[in-house]
Amino acid sequence: MLQRAGRTGEKTLMNTAIAARYPRPGVAWYMVVLLTLSYFISYIDRTVIGLLVEPMKADLGLSDGQMGLLMGLAFGIFYATMGLPLGWLADRTRRTSIVSCAIALWSAATALCGLASNYLQLFLLRMSVGVGEAALSPCAMSMIADSFPKEKRGKAIAVYSMALSLGTATAYFGIGALLAALRGVEILNWPLVGAIRPWQAVFIIVGLPGLLLSLAMLTVKEPVRRDLKQGASSAPWHMFRHLFSNWKTYLTFVLPFCLMTTIAYTHFWLPSMFLRTWGMEIPEFAQIKAVVTLLCAPATVFAAGALSDYLVRRGRDNAPLLIAVAGMFLFAPTTIFIGLMPGAVSAFVALGISLVGIATTTSTGLTALLMITPPQFRGQISAVYYMAISITGLTLGPSTVGWLSDWFNGGTGFEVLDGVLESILPGVTGANSLALAFSAVPVIYGSVVLALAPVTLRCFRRELVRIQAQTD
């Protein structure tokens, strides 16, 4: 008993020493604020194209399928694949410098989209935006993990995750107001730039502020790396060996978040869908969408993060994933009905419920991931996580809606699906091809993921037990 008491006291002293090495709260939260602003800016730059679909199609002669590729695949190619090498750098080099350079890159690329004159140029620039944004979250998760103990990370990660909904709301509100102000304007003549269309001006205005933020990021103090075991390697092959040896846990873990991004990125099509389905002009839609997002998402993200911390302190280590899965069962079914509602008001109600579910899932996913990830692999495995959810979300979400919309547009597929929906939900007959395509995505991709939810929770719980046994 004396030996056991001695080991307990020694462990308590060691934990106290580790806790003492964390940065002061003011320093840590200053870092979180700037990282959150960076994520906020990134999501505005990522989202802006969804509000410009119709004028870009008109000026460049593009189809829904091509626009779907611009919104999804073009951005996702490097956003997904560059995350892994950048995550490796995040585990080995100065993360604040990586983030600063990344912000400058994606901001400049967004602004240059406003000078593009053809589809190829836009495609390449959207790829560049993806390269820059790929660096942010792997670095951010590694920095937050090194700045907060695990029982306090939930709130910090939730604040960071709030930038997603706040960025979306700001994009819709600000860009909607800008489009309203430019309504009726055909050409703008700017010094140095020359004659440009309003949609090109929007890209330039949205992209430039990030260049200032990239400089502010250099004022953040690099967090000290902690909790690394003596001799632990962060080499990529060791990280992959860890993933492969626990492939069931990580594969089932990522599925709910892949579904979340797939459905969330279909929201790029919402402005066009509301215009084609209910005749709501894009500036008006943008203002309402901003209000709905602000009412439903940020508070949900913070509340879910706080609930996660509370439950973890009470001994429910699986709470972060449990909360995320609960959100999935809310957003997946409700998304089906958004485009099938009889009017715009009821569609916004369904959208609000879906946003609550998406925000719930977003808020705790990374908290759960860090609980089963060795410290030396946090940047790289966070990058793999973002790679997985981004590849699926960006390539499947917007692209599937665009392809199905083209296929449904006056063809047999439209007539068959329209007839099926009319038999299930009387009154939806005559819905346009884009609305039907939007509603089809959660049915196509959500069925299997929802069915596998019990397996996801069981594998995660088993991994937590294994980790706890190793540390006892």
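The values are calculated or read from the model by the stated rules, or taken from the named source; none is laboratory data. It should be emphasised that the depicted structure is a prediction, and the values quoted were computed from it without experimental measurement. Using ideal geometry, Cβ is built from the backbone for each residue, glycine included, and neighbour counts are taken over all protein chains shown. Side chains included, ligands, DNA and RNA excluded: accessible areas come from the protein's heavy atoms. Shrake-Rupley method; radii C 1.70, N 1.55, O 1.52, S 1.80 Å.
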Item to check | Simple Cβ-charge dipole of region 141-189, Lys/Arg +1 and Asp/Glu -1, about Cα centre, in debye nearest 20 | outcome: 240
Checklist entry - If you count, for each residue, the other Cβ atoms within 10 Å and average over each peptide, how do 162-174, 84-96 line up from highest to lowest? => result 162-174, 84-96
Checklist entry - Quick one: length gained pulling Lys221 to Tyr310 fully straight, 0.36 nm per residue minus the C-alpha distance? => result 29.2 nm
Checklist entry - Rolling a 1.4 angstrom probe over the protein heavy atoms, how many square angstrom per residue are accessible across region 147-218? => result 44
Checklist entry - Counting alpha carbon pairs within less than 8 Å and at least 6 residues apart, what relative contact order, in whole percent, applies to the chain? => result 24
Item to check | Long pairs among Lys155/Lys289; Lys221/Lys248; Lys57/Lys289; Lys155/Lys248, criterion Cα-Cα beyond 32 Å | outcome: Lys221/Lys248
Checklist entry - Carbon and sulfur atoms: what percent of the 1.4 Å accessible area of the chain do they account for? => result 69
Checklist entry - What whole-number value in Å² describes the accessible area per residue of region 288-418 for a 1.4 Å probe? => result 34
Item to check | Order by protection proxy (mean Cβ within 10 Å, highest first), peptides 180-187, 132-139, 346-353, 38-45 | outcome: 132-139, 38-45, 346-353, 180-187
Next on the checklist: Per DSSP helix of 4 or more residues, -39500 (n - 2.57); summed, then divided by the residues of the chain. What does that give at 222 nm, rounded to the nearest 500?
Outcome noted: -25500 deg cm²/dmol
Item to check | Sequence of Val384, Val448 when ordered by accessible area, the most exposed leading, probe 1.4 angstrom | outcome: Val448, Val384
